[in-house]
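S.K.: Mind looking over this structure? Questions follow.
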Amino acid sequence: MLVDLGDPAGRSAWTVTADDGRTFAVFVLDGGALRVCDAACPHLAGPLVEGRVRGTELRCPWHGHRFDLDTGACRSSALFALAVHPVVEVDGRPHADVGPEP
């Protein structure tokens, strides 16, 4: 399933919702590259869109778990991994490929 990410102009982080109700966080990295991940932290569902991004590392605002936005690997605990989703262009607009409906 593809989810339209909207226009990133002037934004650094926001959420989008797929037609099936799933919510995703979108981040603009330095240089303008977009990264998309599940909106809730896999630890205790903290709002990742409120997290801090440095390079490709996202830090959860609730408990500080650190995730690699390229791979989803958690750099602070082997117990967690974040679902990350590829960004593709469709008719000149960015979309996230979030996979099939659950």
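Please treat every number below as a calculation from the coordinates, not as lab data. Because the structure is predicted, anything quoted here is derived from the model rather than measured. Reconstructed Cβ throughout: ideal geometry from the backbone, glycine too, with neighbour counts over all protein chains shown.
S.K.: Taking region 21-65 as the search range and keeping residues that are within 9 Å of the chain's Cα centre (by Cα) and aromatic (Phe, Trp, Tyr), which one is surrounded by the most Cβ atoms within 10 Å (Cβ to Cβ)?
M.R.: 24
S.K.: Still on this structure, please answer the following. Just wondering, is there one or more residues in region 70-88 that are acidic (Asp, Glu), at negative phi and outside any loop (DSSP other than H, G, I, E, B)?
M.R.: Looking for residues that are acidic (Asp, Glu), at negative phi and outside any loop (DSSP other than H, G, I, E, B), one finds none in region 70-88, hence no.
S.K.: Another question, if that's okay. Out of region 66-82, which residues are crowded, with 18+ Cβ neighbours inside 10 Å and under 13 Å from residue 36 (Cβ atoms)?
M.R.: If the condition is that a residue be crowded, with 18+ Cβ neighbours inside 10 Å and under 13 Å from residue 36 (Cβ atoms), then 67, 69, 82 are the ones that fit.
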